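Reviewing the structure listed below.
The values are calculated or read from the model by the stated rules, or taken from the named source; none is laboratory data. Remember, it's a predicted structure, so these values are computed and weren't measured experimentally. Note: ideal-geometry Cβ built from the backbone for every residue, glycine included; neighbour counts use all protein chains shown. The protein model used for the area step is the full one, side chains on, heavy atoms only, and it has no ligands, DNA or RNA in it. Shrake-Rupley method; radii C 1.70, N 1.55, O 1.52, S 1.80 Å.
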Amino acid sequence: MTAKPSVFPSVGRLLVYGVLALATAFFLLPLYAMLVTSFKDAEEIRSTSLLALPATLNWSAWGTTWQSACTGVDCNGLRPFFWNSVAMAVPAVLISTVWGALNGYVLSLWKFRGSDTLFGLLLFGVFMPFQVVLLPMSQVLGWLGLSSSITGLVLVHCLAGLAGTTLFFRNYYAAIPKELVNAARMDGASFWQIFWRIVLPLSTPIIMVTLIWQFTNIWNDFLFGVVFSGTDSKPVTVGLNNLANTSSSVKAYNVDMAAAIIAGLPTMVIYVLAGKFFVRGLTAGAVKG
């Protein structure tokens, strides 16, 4: 007779669960501290410990952060900076993803003489520090008349992310059987027909990886935002920095914490809702090749 499997987890499995639970608590502790602090008033922050729960849920800090907190001499809250980031991130993510998909499609399935060399040169963009392109990029934006504008930031992020998105799609498409493309060619399918009808329907995992990756990088960027933005085009990361560094008679820690959560909320929501697609895309070949 075969023994019935135990309904209780083994000691080793319990140990693994315990370590994972401790690691989760360790990494979530700063978020917890930010969250509980944002619901306290100034007096409660001074009289209680950092990790103590608030006596009541006080939403005043959130309203102040969104509508009337001062960032320098501007006291319109974090709202305009947040919507600047939305206006910048959404088109930049979509354009860089489509652009990378087309590059990866050409470099993997429509190879030409020198395509591998071109791909190798393009990879320099993945490892090149962005600080070295600040001056030439500012000159290009000036020539194009896009300085200190959201459109200029969109262009900068598209160019900065192009190498990474091309790498993702090229390595993913390299695993697609060449027979599919060759058969479509023999049937008279054009370049765009093969892309839209054969390649793109197979690309859902890598598209999700690229969208999440690009959105996270662009939304959290501070360097390009502080260098290339103007008064009316600063992203939320710059607004958060200005809010935290604005001096006042009493430091409003609850406002700072609420602002930090608002600034990071979109990326947290993206990973909670689409994190499983990110993992599936990576395991489907996003970084193989």
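How big is the gap, in Å, between the Cα center of the range 45-109 and the Cα center of the range 187-237?
Value for the Cα centre distance between the two parts: 18 Å.
Angle between the Cα long axis of helix 11-38 and the longest principal axis of the chain, 0 to 90 degrees, nearest 10?
Its long axis makes an angle of about 60 degrees.
Quick one, what does Rg over Rh come out to for the range 93-178 if you take C-alpha atoms and the Kirkwood Rh?
Rg/Rh for the range 93-178 comes to 1.04.
Restricted to Cα positions, what overall size does the range 174-280 have along the principal axes? Three whole-Å values, descending.
75, 31, 17
Suppose all protein chains stay in the model; what accessible area per residue would a 1.4 Å probe give for the chain, in Å²?
On a per-residue basis, the chain sits at 58 Å².
P(r) tail for the range 141-234, what percent of Cα pairs lie past 20 Å?
Percent of Cα pairs beyond 20 Å in the range 141-234: 53.
Check the chain and count each lysine pair with an alpha-carbon distance under 20 angstrom, considering only pairs eight or more places apart or from different chains.
5
Quick one: Kirkwood hydrodynamic radius for the range 156-197, alpha-carbon pairs, angstrom, one decimal?
It works out to 11.9 Å.
Among VAL11, VAL227, VAL238, which one shows the highest mean-square fluctuation when the chain is modelled as a Gaussian network with alpha-carbon springs under 10 Å?
Among VAL11, VAL227, VAL238, the largest GNM mean-square fluctuation belongs to VAL11.
Treating the angle as unsigned and between 0 and 90°, give the value, to the nearest 10°, between the Cα long axis of helix 236-245 and the longest Cα principal axis of the chain.
Rounded to the nearest ten degrees, it is 30.
What is the sum of charges, Lys and Arg at +1 and Asp and Glu at -1, for the other residues whose Cβ falls under 13 Å from the Cβ of ILE198?
+1
Relative to the first principal axis of the alpha-carbon coordinates of the chain, what is the inclination of helix 134-144, with its axis defined by its Cα atoms, in degrees from 0 to 90 and to the nearest 10?
For helix 134-144, the angle is close to 80 degrees.
Please work out, to two decimal places, the log10 of the ratio I(q)/I(0) at q = 0.09 Å⁻¹ from a Debye calculation in which every Cα of the range 1-132 carries one identical scatterer.
Debye intensities relative to I(0), on a log10 scale: -0.70.
Counting every Cα pair in the range 115-158, what percent are over 14 Å apart?
56 percent
Can you run phi through the Karplus equation (6.51, -1.76, 1.60; θ = phi - 60°) for the range 60-67 and list ³J(HN,Hα) in whole Hz, with x for Gly and Pro?
4, 5, 5, x, 5, 4, 6, 10
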